[in-house]
Amino acid sequence: MGGDLAPQATVIAALESLKKNEALSIILVGNQDDLEALLHPQSANSSHPSSSSLPPALIPLVNDFQDSGRLTIHHAPDVVLMSDRPSRALRTKQKSSMAIALQLVRDGAAEGCVSAGNTGALMLLGRSILGMCPGIDRPAITKRLPSPAGYCYVLDLGANVDSTAEHLYQFALMGAILVEAMEGVKAPRVALINVGEEEIKGSEQVRLSSTMLAECEGLNYVGFVEGGDLFNGVADVIVCDGFVGNVALKTGEGVARLVHQALRDIFEKHWYTRLLGKLIMPLLGGLLQQVDPSRHNGALFVGLQGVVVKSHGNADSEAFAYAIDQAFDEAERKVPDLINDRLDELLF
């Protein structure tokens, strides 16, 4: 029920994902009446207006998915609001859609949770309900960003605005294990974001973390990188605190949207630029898709004892479907179990 466009975008994304992936089953957690109104607008008793019904092409699929058991509803009477303080959500919102979805993961009824809701609340509820991996103090948010050679995983992207050297060290370990599991990269290159590549630069916690990483025999640590290196493929894992990571991520997404809009404006300006656009856009299509933020929606909370994927709060149905894909991949590869196993080797 969380997110700017919920629950409609969530429900449409769920149906599109079920249509595409026959191995997937989805539990919609939220207000029963509201969800039924979206799935069966002609028969449900709800205050939702008829304009919130599904796209016509998806309506015939609803009964098939529900009859097969691939789409079910789990009622949740409460919702965590974007304005709720995370601590208040932890104390008073245990019957929210967010908390119940996490409880379903904890109890084994689901293998992953996807939410576009309040990030801080999702982190606190995740820690409380699912618990942390042994040896990990805080969860971190990570997602993969496009690079010339494939992808680079960056963490933390906003779960922790202030991180100690030990936290950064733990993020690096989890990031390396994640890249091995998701991308099949042996000995992934791990780097720290800093204000320069020289060893004398940076804050005390970054320099101390660098020393710890360099002394870890199980890591392929390549040293400091700068913000401009996020997208150029110099590392497979880039580590930073949540403040730096979130600013870097939002800046990159803003630049990508600027490029998209600028190209549209150029090619729509005159009749001859529209003609030119029809010739050039097919050549640029692959590049624009690669940098489209909606196609990279879905960030994993690593360090929790379960798969939890955070979608952008303003994600539409297409973007939310990518977050579902991400959760499916990580659940299928059993990423939390792999992190647990490898952390035993690296930390203990």
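Working note: Debye formula, equal point scatterers on the alpha-carbon atoms of the range 1-104, no solvent; log10 I(q)/I(0) at q = 0.12, 0.13, 0.24, 0.25 Å⁻¹ is -0.41, -0.48, -1.35, -1.42.
Ignoring everything except DSSP H segments at least 4 long, calculate the 222 nm mean residue ellipticity for the chain; use -39,500 (n - 2.57) per segment, divide by total residues, nearest 500.
Details: 12 runs with 165 residues, N = 348.
The helix contribution divided over the chain gives -15000 deg cm²/dmol.
Once the 1.4 Å probe is applied to the protein heavy atoms, the chain comes out at 47 Å² accessible per residue.
Summarised as an ellipsoid, the range 76-195 has semi-axes of 29, 16, 14 Å, derived from the eigenvalues of the Cα gyration tensor scaled by 5 and square-rooted, with the largest first. How much of the accessible area of the range 122-251, in percent, comes from carbon and sulfur atoms when a 1.4 Å probe is used? Of all accessible area on the range 122-251, carbon and sulfur atoms account for 52 percent.
Over the range 113-189, calculate the relative contact order: mean separation of alpha carbon pairs under 8 Å at least 6 apart, over the residue count, as a percent. List each step's numbers first, then the result.
Values: 57 pairs, mean separation 15.9, N = 77.
About 21 percent, as a whole number.
When only C-alpha pairs under 8 Å and at least 6 residues apart count, what is the relative contact order of the chain, in percent? If you can, show how the numbers build up before the last one.
Numbers: 634 pairs, mean separation 74.6, N = 348.
Across the chain, relative contact order equals 21 percent.
Number of Lys-Lys pairs in the chain with C-alpha atoms under 18 Å apart and a separation of 8 or more places or on different chains: 7.
Using mean Cβ contacts within 10 Å as the protection proxy, how do 193-203, 71-81, 161-171 order, highest first? Let's see the in-between values first.
Details: 193-203: 13.9, 71-81: 18.2, 161-171: 20.4.
Those peptides, ordered most packed to least, come out 161-171, 71-81, 193-203.
Given the chain reduced to its alpha-carbon atoms as identical point scatterers, what log10 I(q)/I(0) does the Debye formula return at q = 0.07, 0.14, 0.15 Å⁻¹? Values, matching the q order: -0.32, -1.15, -1.27. Peptide packing for 149-156, 119-126 was compared via the average number of neighbouring C-beta atoms within 10 Å per residue; ordered from the highest value, the list is 119-126, 149-156. The Kirkwood hydrodynamic radius of the range 144-264, based on inverse pair distances between different Cα atoms, is 14.5 Å.
The antiparallel fraction among DSSP beta bridges confined to the chain stands at about 35%.
The values are calculated or read from the model by the stated rules, or taken from the named source; none is laboratory data. Source: prediction; values computed, not measured. Cβ sites come from the backbone with ideal geometry, for glycine too, and all protein chains shown count toward neighbours. Side chains included, ligands, DNA and RNA excluded: accessible areas come from the protein's heavy atoms. Shrake-Rupley method; radii C 1.70, N 1.55, O 1.52, S 1.80 Å.
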